[in-house]
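Student: My questions will all concern the structure given below.
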Amino acid sequence: IKYTNSQTIVVNRINECDQRKNTKGLNNYLINVSNIADHTIFISDWLKKLFINSGFEDRKNSVIRNGANNEFFNFNNKKLSANKIKIVTHHWGRDINKGFNIYQKIDNLLQDESFKQKFEFTFIGNLPKDLNLKNTKIISPLYGRKLGEELRKHHIYITGSIFEPAGMHHIEGGMSGLPILYINSGGVTEYCKNYGLEYSFDNLSIKLEEIVENYDIYVERLKKYEFTGERMNENYLSLFENLLVSKKDILKNRKSFKKN
């Protein structure tokens with residue numbers, strides 16, 4: 001027996017896309033789900049625009065950005081140490097779009113003695129089986145409190161991720177007080193643009209020097225980092241409360257739909 005409740009408000013949250021996973025059909029599937037939802041949530045403006053261009057009808061929707069738990073990811077003040085500047089990133093998945101070409105480049109740069117005297121690089125998480133980072137410190141996947149503790153041992157966060165709808169890794173780095181180096185791709189830019197520097201594969205070395213030179217400026221901005229878990233929760237709660245206030249109108253104005 002299939003039970004239904006026609007009085008339930010349906011909200012669909014979209015946080016993924018074909019472009020990220022190199023798949024086909026996911027965007028259309030999620031658009032079809034939104035056709036029977038009363039409200040759709042996207043996790044970045046970039047993702048919303050992508051879905052509109054893919055056929056999503058611009059009905060009732062919101063953009064609510066991700067945030068991390070400040071009990072685990074936080075900082076007081078960060079200063080560059082007199083020793084080496086520590087760069088870090090972390091990824092659970094091994095997908096090529098995570099930016100492993102960038103992490104390989106840093107590993108290659110560390111073969112140069114002058115670069116090695118100034119920087120060191122740590123990767124936390126899972127690497128592709130065919131990737132061998134000889135000059136990088138590798139740490140098995142961490143999460144929660146232990147991840148936050150490890151991130152705070154470093155100075156600069158880097159993400160090479162592309163076509164990312166939003167992500168959490170750079171948020172956790174930013175909330176841990178680490179100025180962020182990021183590629184202008186996907187929703188990542190919306191989360192990072194005021195808290196670090198955009199870079200490309202070709203100008204990575206230049207941007208590393210630039211972020212070091214202006215380090216204190218970015219750390220000061222990170223004290224007011226806006227994409228926290230607390231703010232995210234407030235935004236969801238506000239949306240749900242507003243939907244409940246408008247429930248009668250939402251149910252009254254629902255459009256009939258064909259089964260997909």
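The values are calculated or read from the model by the stated rules, or taken from the named source; none is laboratory data. Given the structure is predicted, the values throughout are model-derived calculations rather than measurements. Quick reminder, even Gly has a Cβ in these numbers, built from the backbone with ideal geometry, and neighbours come from all protein chains shown. Protein only, heavy atoms only, side chains kept; ligands, DNA and RNA dropped before computing areas. Shrake-Rupley method; radii C 1.70, N 1.55, O 1.52, S 1.80 Å.
Student: Give region 151-163 a look and list any residue that's open to solvent by 10 Å² or more (accessible area, probe 1.4 Å) and under 17 Å from residue 197 (Cα atoms), or say none.
Tutor: Across region 151-163, the qualifying residues are 155, 162.
Student: Would it be correct to say that residue 120 is over 18 Å from residue 184 (Cα atoms), part of a strand (DSSP E or B) and either modelled with pLDDT of 95 or more or open to solvent by less than 50 Å² (accessible area, probe 1.4 Å) (or both)?
Tutor: yes
Student: While we're here: Among the residues of region 82-130, write down those that are of a type in the set (Lys, Arg) and more than 16 Å from residue 154 (Cα to Cα).
Tutor: 94, 98, 105, 129
Student: On to the next question. Just for region 16-35: of the residues that are under 22 Å from residue 242 (Cα atoms) and in contact with a strand residue (DSSP E or B) (Cβ under 8 Å, 6 or more places away or on another chain), which one is least open to solvent (accessible area, probe 1.4 Å)?
Tutor: Ranking the candidates gives 34 first.
Student: Tell me which residues, restricted to region 96-111, are among the polar types (S, T, N, Q), modelled with pLDDT of 95 or more and farther than 13 Å from residue 130 by Cα.
Tutor: 108, 111
Student: Just name the residue that is least open to solvent (accessible area, probe 1.4 Å) out of those in region 64-103 that are touching a strand residue (DSSP E or B) at 6+ places or on another chain (Cβ under 7 Å) and aromatic (Phe, Trp, Tyr).
Tutor: Out of the qualifying residues, it is 103.
Student: Restricting to region 187-201, count the residues that are open to solvent by less than 10 Å² (accessible area, probe 1.4 Å) and either within 16 Å of residue 222 (Cα to Cα) or within 11 Å of the chain's Cα centre (by Cα) (or both).
Tutor: Going through region 187-201 one residue at a time, the tally reaches 5.
Student: Another question, then. Residues in region 181-229 that are more than 24 Å from residue 49 (Cα to Cα) and in contact with a His (Cβ under 8 Å, 6 or more places away or on another chain): how many?
Tutor: Within region 181-229, residues that are more than 24 Å from residue 49 (Cα to Cα) and in contact with a His (Cβ under 8 Å, 6 or more places away or on another chain) number 1.
Condition check ((1) at pLDDT below 90; (2) assigned to a helix (DSSP H, G or I)) across all residues:
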{"site": "32", "(1), (2)": "no, yes"}
{"site": "40", "(1), (2)": "no, no"}
{"site": "51", "(1), (2)": "no, yes"}
{"site": "59", "(1), (2)": "yes, no"}
{"site": "66", "(1), (2)": "no, no"}
{"site": "70", "(1), (2)": "no, no"}
{"site": "77", "(1), (2)": "yes, no"}
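Student: For residue 186, all conditions in the list (1) part of a loop (DSSP other than H, G, I, E, B); (2) on the phi < 0 side of the Ramachandran plot hold save one; what is the number of the exception?
Tutor: Tallying (1) part of a loop (DSSP other than H, G, I, E, B); (2) on the phi < 0 side of the Ramachandran plot, residue 186 fails exactly one: (2).
Student: Given the conditions (1) more than 30 Å from residue 10 (Cα to Cα); (2) under 18 Å from the mean Cα position of the chain (by Cα); (3) hydrophobic (A, V, I, L, M, F, W, C); (4) open to solvent by 20 Å² or more (accessible area, probe 1.4 Å), and given that residue 109 satisfies all but one, which numbered condition is not satisfied?
Tutor: (2)
Student: Just to be sure, is residue 208 in contact with a strand residue (DSSP E or B) (Cβ under 8 Å, 6 or more places away or on another chain), surrounded by 19 or more Cβ atoms within 10 Å (Cβ to Cβ) and hydrophobic (A, V, I, L, M, F, W, C)?
Tutor: Answer is yes for this residue.
Student: Right, here's the next one. Please go through region 61-87 and give me each residue that is closer than 30 Å to residue 255 by Cα, touching an Asp or Glu at 6+ places or on another chain (Cβ under 9 Å) and touching a residue at least 40 places away in the same chain (Cβ under 8 Å), ordered by number.
Tutor: 65
Student: While we're looking at this one, here's another question. Would you be able to tell me the number of residues in region 42-61 that are among the β-branched types (Val, Ile, Thr) and under 12 Å from residue 165 (Cα atoms)?
Tutor: Residues that pass the stated criteria total 1.
Student: So if I check each of 129, 153, 134, which one is in a loop (DSSP other than H, G, I, E, B), basic (Lys, Arg) and under 18 Å from residue 93 (Cβ atoms)?
Tutor: From the options 129, 153, 134, the qualifying one is 129.
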